[in-house]
Amino acid sequence: MLVLSRLQNSLSQILEPPELHTAVLLSPSGQLISFVSYPSRSKDEIRVIAGLSGEVWQETQHTGPGMVEGEMGRIVVLPIDEPLETRPGPPPLPEDYQPLMLLVLNATPNVDWETLEVKGTELASKIAIPLAKLREHLTVRKPPPMPVPSAMTSPVRPR
């Protein structure tokens, strides 16, 4: 069972306001799971961060952590995944393989990128172990391909 209060507690422990002020947990498809921020931010602002982070992840997932800086500050997107020895299949991973979740850290430009990455990696490793037990329930499966219409199955048009 996914206990959101424990996840929020873990997320809040990484914050160092006012510099490192927001931590967000997303599904690999960009759905908001949980967040903490100090000072408190509106859910709309968190959704903007989640949307931006989802795009960053899609563009950078094969090269490591995603990083972007803009009017929201510095944003780092890290995968939360099982330790290498427990991942399904030998490297390289299957093409449709996804991390368990994504961890997003949002900070001011006063926090250097390396610090954000180190703190995020430590937290991701910490919460990956209990989340790994839920992989089969967390993984979003791709829908089956749509059948290709053929001449034999073309729609009948009324006369």
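Some notes on this structure:
- Ranked by solvent-accessible area (1.4 Å probe, protein heavy atoms only, all chains present), the residues 59, 45 order from largest to smallest as 59, 45.
- Sequence-distant residues sharing a close amide H with residue 34 (under 5 Å, placed H): 25
- Between amide H atoms placed 1.01 Å from N, distances below 5 Å from residue 101 occur with 80, all of them 5 or more places distant or on a separate chain.
- For the pair residue 19 and residue 5 in one chain, pulling the backbone fully straight at 0.36 nm per residue adds 2.7 nm over the alpha carbon distance.
- The phi torsions of the stretch 116-128, fed into the Karplus equation with coefficients 6.51, -1.76 and 1.60 and a -60° offset, translate into couplings of 4, 5, 5, 4, x, 5, 4, 5, 4, 5, 5, 8, 5 Hz, rounded to whole numbers, with Gly and Pro shown as x.
- Expressed as a whole percent, the accessible surface of the stretch 31-81 that belongs to carbon and sulfur atoms is 50, based on a 1.4 Å probe.
The values are calculated or read from the model by the stated rules, or taken from the named source; none is laboratory data. These figures come from a predicted structure and were not determined experimentally. The protein model used for the area step is the full one, side chains on, heavy atoms only, and it has no ligands, DNA or RNA in it. Shrake-Rupley method; radii C 1.70, N 1.55, O 1.52, S 1.80 Å.
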